[in-house]
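What follows draws every value from the coordinates through simple rules; no lab data is involved. Just so it is clear, the structure is predicted and the values come from calculations on it, not from any experiment. Here Cβ is always computed from backbone atoms with ideal geometry, including for glycine, and neighbour counts include all displayed protein chains.
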Amino acid sequence: MSLHPVVGHEDFLSSMARAHERTSLPSSLLLHGPRGVGKQRVALWIAQLTICERPVADGPCGKCGACRMAVKLEHPDVHWYFPLARPKGVAGDRLVTALEDARMQALEDLRAEPLYASHTADVRGLYFGITKTIRRQAHLRPNMAPGQVFIIGNAELLVPQEASPEAANALLKLLEEPPGTSRFILTSSEPGRLLPTILSRTVALHVAPLGTDLIDIFLSQQTDADRETTKWACELSQGSIGRALGFLPDGQEEGPLESLRRQALALIEVAVVRDPGQGYELSLSYPSSGARALIPLCTFIEEWLRDLGAIVSGAGDRVFNFDERSHLQELVARTSIRGSEIVLALTEVEQARELARGNVNPQLIVNGLVRNLRRRLIAT
């Protein structure tokens with residue numbers, strides 16, 4: 001199967017095509033924007049543009065052999081790297097080989113099912129073994145195209161907390177002096193977490209959220225979800241196709257992001273309504289390892305808190321979780337939530353997120369967060 005066409009971003013793609021035509025397209029790009037808005041798909045489009053044998057005014061021709069191979073993820077000079085779970089029980093050169101094998105398998109899966117949303121609880125990173133592979137490949141001659149293109153998705157996972165300082169430093173050397181005609185395209189939803197030296201050696205370009213109309217059309221054409229469900233997912237998408245896909249049911253089970261959204265609401269309810277001791281019981285329902293899986297949960301907790309702040313301040317018509325507006329109003333009515341403390345409560349969530357990035361025991365994080373939210377939000 002082939003990758004689906006880029007959804008939206010017409011002005012952005014046109015500017016890239018013009019830059020390529022003028023031979024002024026930078027050799028090191030950083031595409032940043034919210035998760036799931038299509039940054040890596042845009043990066044693949046730029047790669048296709050640069051290897052196209054007969055580019056046209058608005059981009060790659062889509063018909064030449066290079067284009068056909070690119071959209072099938074089969075071109076030997078387009079190399080797409082993304083965070084992977086660290087293989088267990090291997091190190092050194094064996095780790096490098098194991099990571100490359102895992103990447104090849106992931107690409108094979110994408111060729112079979114190109115429509116996907118990455119919402120996994122696995123701890124993933126761009127480890128030093130991956131950058132060693134990139135460095136070795138970058139010094140080889142291209143197979144077919146004038147130059148090689150390296151796409152590094154979720155590049156913020158190169159930071160020491162997620163991978164290793166050597167991984168970021170090895171990439172830095174490649175960005176400083178790209179071998180031959182190599183081109184590097186990094187993507188990130190958290191560019192502030194990239195090393196300043198990497199930021200200074202790339203040209204940063206913002207990939208904006210999409211309109212809900214485009215997401216609605218995409219979901220209607222590319223998924224089997226019913227009309228009511230796709231409309232609901234669009235309203236919760238925040239302009240992100242990846243996020244909308246994460247809300248769609250997976251068979252008989254709710255989507256992974258809907259599950260996280262419900263977990264976040266349950267945590268807040270324990271903090272502000274139920275017996276404080278239930279915070280400890282709730283924490284025991286979480287695993288004792290894999291703290292980074294709590295990072296996306298923190299995002300949903302923040303969204304619920306902002307909605308509670310809107311309800312308390314009389315702006316209930318502006319809540320994000322529109323389908324739970326009545327429930328939130330009931331929650332505020334039977335508690336003593338202090339709207340003035342919402343900002344401080346949000347700082348508690350950010351601190352919990354940082355603890356998760358530091359891989360602290362998830363049960364301790366959840367228990368502490370419940371207690372801190374109750375202390376901030378409930379008048380005593």
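Among GLU303, GLU177, a tally of other beta-carbon atoms within 10 Å of each Cβ gives an order, fewest to most, of GLU177, GLU303. Taken over the stretch 1-112, the ratio of Cα radius of gyration to 2.2 N^0.38 Å equals 1.20. Which one of GLN148, ILE51, CYS64 has its Cα pushed farthest toward the positive end of the charge dipole of the chain, where Lys and Arg give +1 and Asp and Glu give -1 at the Cβ? After comparing all options, I get GLN148. Each principal axis of the Cα cloud of the stretch 10-206 was taken in turn, and the coordinate range along them, longest first, works out to 49, 36, 33 Å.
About its Cα centre, the dipole of the chain is roughly 1060 debye, where the only charges are +1 on Lys and Arg Cβ and -1 on Asp and Glu Cβ.
The residue list SER28, GLN221, PRO178 was ranked by how far each Cα lies along the charge dipole of the chain toward its positive end, using unit charges on Cβ atoms, and PRO178 comes out on top. Shown here: the chain, whose C-alpha atoms stretch 68, 46, 39 Å along the first, second and third principal axes, sorted largest to smallest. Cross-link check: pairs LYS39/LYS132; LYS63/LYS231; LYS39/LYS88; LYS88/LYS173; LYS63/LYS173 evaluated at a Cα-Cα cut-off of 32 Å; pairs beyond the cut-off: LYS63/LYS231; LYS63/LYS173. Computed from Cα positions, the angle between helix 294-312 and the longest principal axis of the chain comes to roughly 50 degrees.
Separation of the stretch 207-251 and the stretch 252-297, taken as the distance between their Cα centroids, equals 24 angstrom. Taking Cα atoms only, the orientation of helix 362-377 departs from the longest principal axis of the chain by about 50 degrees. The label point for GLU354 and the one for GLU228, both projected 7 Å from the Cα toward the Cβ, are 4.5 nm apart.
Taking trypsin sites (Lys or Arg not before Pro) as exposed when DSSP calls them loop and at most 10 other C-beta atoms lie within 10 angstrom, the chain has its longest site-free stretch at 89-333. With the crude spin-label approximation of a point 7 Å out along Cα→Cβ, what separation in nm comes out for ARG334 versus LEU364? In this crude label model, ARG334 to LEU364 measures out at 3.5 nm.
Geometric descriptor of the stretch 252-377, per residue, is 102 Å³ (volume of the convex hull of the Cα atoms). Measuring nothing but how far apart in sequence close Cα pairs (under 8 Å, 6+ apart) lie, relative to its length, the stretch 10-206 scores a relative contact order of 30 percent.
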